[in-house]
Amino acid sequence: MSPAPRDRGVLVGMMGLEDDARVDFGRLRAQRRAKVLSGMERHDLDALMLGGVGDVRYVSGARQLGRTGVLPFAPAAVVVRETGRVHVLSTWDEGVPPEIRHDDLYGISWNPANLAASLATIPGLRESRRVGTDGLTPMFASLLSQLVTSAELVDAAPVMVTARRTKTSDEITCLDVASAIAESAMSALESALMPGITERELLAVYYESVASIGAPVAPSESVCFTTSTYGLAGFRYLASDRPVKDGELVVLAPCALYAGYEGGLARTRVTGRTAPPGTADLASRCSRSMDALMAACRPGNTGADLYRAWESAGNRETQVPLAHGLGLGAEPPLIGMGRGRDATLEEGMVLSVQSWIAEEGVGGCLERATVRIEGGAPSTLTRYGRL
Amino acid sequence: MCGEGRTIDGWSAGATIGGSSIPALPELARMRRERFQRLQDQLHAQGVDGLVLLGSSSVAYATGAAVPAQDGDRAALFRPVAIVGEGDSAPHLYTQYVDGVPADLPEDHLHGPLFPELDEGMELFAKALAEHFQAGARVGIDDQTHAMLRGLQGYDWVDASAVMGAAKIIKTRDEVACIRKAQHINERAMVDALAILRPGIRQIDLSAVFLRRAFELGASANAIDPIWQVMAPTRELGPWTLHGDLAYPTVTTDRLLREGDVIWVDAGITWEGYASDYGRTWVTSADPVPNYRQQAQFRRWRTVVDAALDILKPGVSALSLGKAAIEANGGVRPWIEHFYLAHGVGTDSAEMPLIGTDFGEQFDEKIVMQPGMVVVFEPVIWDEGAAGYRSEDIVAVTDTGWVKLSGSSYDPYGISA
């Protein structure tokens, strides 16, 4: 490994370099696993059975097939404290890191009873007393207790959420790369934005951009929306077929995944040449509110401080989050929408922070950034010009 | 074509499901109504008081609500929840995605999000449940977070899969029309991806072209990272597997495709909540003409699918379909050990009926084809030393036979096979 570069920019690329600069994925995985095993020790858990996409990735580092949506819980990775081994649901070794051996794999089953039978052969699982899971279904609750282990099934969150909350330096680099990919998609969207294009066509441009860079799995397809000049503009999530009109404010909100880590940003742009009257005021309120939120992103502050910052900038509570954790996808805490006043910010956390302001007759303005909580002021991992 | 089935070209020729002809495009409000009735029928038949649904495909089925496609943990943190009470006239939907709410959902059935991952606010979830169910009610649930296990006690939770599975396995005519439309968008986008395939193209370049085109053509969402797996000529040269059979599907990377690479393509987008399932075999070459041996693989694949289609009609068991396919392949099981001859498709990309899985023969014998089932046949013809051929044919079982929902071009192996 070459010396840590003084210009972190050299790390922001996806290609392996001859000098082994950039992310050392072996170290990344080893550090994550060490955090998990020490958490298991601290919380007296003998094993973990995990089904959440982020948790499975965190403990195993295995490349998983990207699928959208939430699937009901099923154990896709198992960690046993006594052996220190990580077991993965994979019928083959491609995409599985080298420290996970062939006999650590268990195969795809359609019949849950067969899956349970494979789990039962994992050394150390049967003898476990307390096993943490990140979800359950009535079916698995009964299969696991009948076929796999008599252990008490408890919440894995004290281990997993705690391990994932603050990021290692390799994780930050992954988030940096994801942020840069999202910025690249932002440039593609900005170039494509013109009167007559539809939101769905913009989504198509977004996908082409991230996929051709090498990040074809979208953290979210909610990457753009036009804001209405009639009435109070609402935050929208789904791409429509309506052509964007000249003078409309359009939110561009691309995001991207690198090695599972999510970065994203949002800016609001005027379509065509004429901004609706009141745009400058709206934009300045939006960025002022964003600055207020950012200023509150300090270690030791709580969600309540973000609420206060938001309100002191002259805003009422919004229907979208002020901030939420980022890492292997969206993570707790969720601050906003009535939640998260008690959540404490810590150095090493990464948040998605956003300011959404709508003004009747003008439209809406969204600014979003990927933000790292540091000792003093926070730093933004995403960079892009404001409106 | 064979049997009593009809291809897409003969679409309007009168194929029926339960006596109703299948429309070219769905009536979405009718579809939601009929699906909800199917859920109600199952709740009643199975003696379940209601459902609490958190999985994306179940919420989509029960409510028709659209949600932006999101990756794992983001989808989970911000997921909508559906609650269905037995005897209610409509589902209750708890969501932040207000622009995805069907216009026909009664206003008093639409609520703000519940955030099932978080302990904070779980009392709101508990309050919502208390509005729909009495203490001790027997309620089907498809997924439980620990926050829910802690905060939502006092109900007799049962797995929702029995109710959901029984409702979903039979599609209404409008659901069939949705699948056909999703498939059509998927196939048209693949024409553009295939057009750029030549040595030096990367797997992700194919994804870029495919995904762009799919959305331009009207896809609602992408469902799965598109797969362009290069198949090594022998099992031994492919990835190591637990069972010694083939590894498939492996995840797309920036791998450069080279002259002669045989790739097995698999992709799924959704339209109005319904998944497509595109499977084809392509050959990477400046001049992609499958050789004689490859053509023979393709003919064998066609023969296997046709053997199943020849007997496919209401009343035929999944086991008989599997046996017909094996027989047509000279007694060799024409699918990978961890997969199946066929699966269903709907709001899930793979759902019942599954044919030829590790559920075993007794299970398959009990799955009897009925009008409205949708079956994706995806046998694999493996020709050790020369890779193999895999494609997917989607059909809907009709009152008298079947109708094909996927297209009949198998470029570069053949057209209208």
request  = Within region A:93-109, track down each residue that is under 26 Å from A:LEU143 (Cα atoms), within 29 Å of the chain's Cα centre (by Cα) and at the interface with another protein chain (Cβ under 8 Å from one of its Cβ atoms).
outcome  = A:LEU105, A:TYR106, A:GLY107, A:ILE108, A:SER109
query = Does region B:165-173 contain at least one residue that is closer than 30 Å to A:GLU201 by Cβ, touching a Phe, Trp or Tyr at 6+ places or on another chain (Cβ under 9 Å), at pLDDT 95 or above and surrounded by 17 or more Cβ atoms within 10 Å (Cβ to Cβ)?
reply = no
ask   = Taking region B:232-257 as the region of interest, how many residues are among the hydrophobic types (A, V, I, L, M, F, W, C), more than 8 Å from chain A (Cβ to nearest Cβ) and surrounded by fewer than 24 Cβ atoms within 10 Å (Cβ to Cβ)?
value = 4
task = Just one of (1) within 26 Å of A:MET15 (Cα to Cα); (2) in a loop (DSSP other than H, G, I, E, B) trips up B:THR234, so point out which.
result = (1)
request  = Kindly provide the set of residues from region B:243-256 that are touching a Lys or Arg at 6+ places or on another chain (Cβ under 7 Å) and closer than 19 Å to A:GLY16 by Cα, ordered by number.
outcome  = B:VAL251, B:ASP254, B:ARG255, B:LEU256
ask   = What number of residues in region A:213-238 are closer than 25 Å to B:ASP73 by Cβ and either among the hydrophobic types (A, V, I, L, M, F, W, C) or free of Cβ contacts under 8 Å to residues at least 24 places away in the same chain (or both)?
value = 11
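Yes/no matrix, rows are residues, columns are (1) assigned to a helix (DSSP H, G or I); (2) facing another protein chain (nearest Cβ under 7 Å); (3) in contact with a Gly (Cβ under 8 Å, 6 or more places away or on another chain); (4) surrounded by 23 or more Cβ atoms within 10 Å (Cβ to Cβ):
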position: B:ALA62; (1), (2), (3), (4): yes, no, no, yes
position: B:ALA75; (1), (2), (3), (4): yes, yes, yes, yes
position: B:ARG79; (1), (2), (3), (4): no, yes, no, yes
position: B:ILE83; (1), (2), (3), (4): no, no, yes, yes
position: B:SER89; (1), (2), (3), (4): no, no, no, no
inquiry  = With the requirement that a residue be farther than 11 Å from B:LEU51 by Cα and at the interface with chain A (Cβ under 9 Å from one of its Cβ atoms), what does region B:149-163 give you?
reply    = B:LEU149, B:ARG150
query = In the set A:ARG6, A:ARG33, which member is surrounded by fewer than 23 Cβ atoms within 10 Å (Cβ to Cβ), out of contact with any Gly (no Cβ under 9 Å at 6 or more places or on another chain) and more than 14 Å from A:THR133 (Cα to Cα)?
reply = A:ARG6
message = Just checking, does region A:111-129 include any residue being touching a Gly at 6+ places or on another chain (Cβ under 8 Å) and more than 8 Å from every other protein chain (Cβ to nearest Cβ)?
response = yes
ask   = How many of the residues in region B:179-220 are crowded, with 24+ Cβ neighbours inside 10 Å, within 20 Å of the chain's Cα centre (by Cα) and assigned to a helix (DSSP H, G or I)?
value = 12
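For residues in region A:130-140 being under 23 Å from A:GLY39 (Cβ atoms) and within 8 Å of another protein chain (Cβ to nearest Cβ), which is surrounded by the most Cβ atoms within 10 Å (Cβ to Cβ)?
Looking at the filtered set, the residue picked out is A:GLY135.
Here is a yes/no grid of residues against (1) crowded, with 20+ Cβ neighbours inside 10 Å; (2) under 18 Å from B:THR398 (Cβ atoms); (3) modelled with pLDDT under 95:
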residue: B:GLY18; (1), (2), (3): no, yes, yes
residue: B:MET31; (1), (2), (3): yes, yes, no
residue: B:ARG35; (1), (2), (3): yes, no, no
residue: B:ASP41; (1), (2), (3): no, no, no
residue: B:GLY55; (1), (2), (3): yes, no, no
ask   = Which condition number does B:VAL176 fail, the rest of (1) part of a helix (DSSP H, G or I); (2) surrounded by fewer than 24 Cβ atoms within 10 Å (Cβ to Cβ); (3) within 22 Å of the chain's Cα centre (by Cα); (4) more than 10 Å from chain A (Cβ to nearest Cβ) being met?
value = (2)
inquiry  = Can you say whether A:ALA283 is more than 14 Å from every other protein chain (Cβ to nearest Cβ), over 30 Å from A:THR68 (Cβ atoms), at pLDDT 95 or above and outside any loop (DSSP other than H, G, I, E, B), as far as the supplied structure shows?
reply    = yes
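Name the residue, out of B:VAL67, B:VAL48, that is touching a residue at least 12 places away in the same chain (Cβ under 8 Å), within 14 Å of another protein chain (Cβ to nearest Cβ), out of contact with any strand residue (DSSP E or B) (no Cβ under 7 Å at 6 or more places or on another chain) and part of a loop (DSSP other than H, G, I, E, B).
Going through B:VAL67, B:VAL48 in turn, just one is touching a residue at least 12 places away in the same chain (Cβ under 8 Å), within 14 Å of another protein chain (Cβ to nearest Cβ), out of contact with any strand residue (DSSP E or B) (no Cβ under 7 Å at 6 or more places or on another chain) and part of a loop (DSSP other than H, G, I, E, B): B:VAL67.
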request  = Run down B:GLY47, B:GLY3 and say which single residue is surrounded by 13 or more Cβ atoms within 10 Å (Cβ to Cβ), on the phi > 0 side of the Ramachandran plot and either at pLDDT 95 or above or small (Gly, Ala, Ser) (or both).
outcome  = B:GLY3
key: Within region B:237-282, tally of residues that are farther than 29 Å from B:ALA396 by Cα and in a strand (DSSP E or B)   = 3
request  = Check A:VAL177, A:VAL244 and return the single one that is in contact with a helix residue (DSSP H, G or I) (Cβ under 8 Å, 6 or more places away or on another chain), under 23 Å from A:VAL270 (Cα atoms), among the aliphatic types (A, V, I, L, M) and touching a residue at least 40 places away in the same chain (Cβ under 8 Å).
outcome  = A:VAL244
task = Would you be able to tell me the number of residues in region B:385-417 that are buried (at least 19 other Cβ atoms within 10 Å of the Cβ), assigned to a strand (DSSP E or B) and of a type outside the set (Ser, Thr, Tyr)?
result = 10
ask   = Counting just the residues of region A:76-86 that are surrounded by 22 or more Cβ atoms within 10 Å (Cβ to Cβ) and out of contact with any helix residue (DSSP H, G or I) (no Cβ under 6 Å at 6 or more places or on another chain), which one comes out farthest from the other protein chains (Cβ to nearest Cβ)?
value = A:VAL80
task = From B:ASP108, B:ASP99, grab the single residue that is in contact with a Lys or Arg (Cβ under 6 Å, 6 or more places away or on another chain) and either surrounded by fewer than 20 Cβ atoms within 10 Å (Cβ to Cβ) or more than 10 Å from chain A (Cβ to nearest Cβ) (or both).
result = B:ASP99
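The values are calculated or read from the model by the stated rules, or taken from the named source; none is laboratory data. What you see is a predicted model, and the numbers here were worked out from it, not measured in a lab. Note that we place each Cβ from the backbone using ideal geometry, even for glycine, and neighbour counts take in every protein chain shown.
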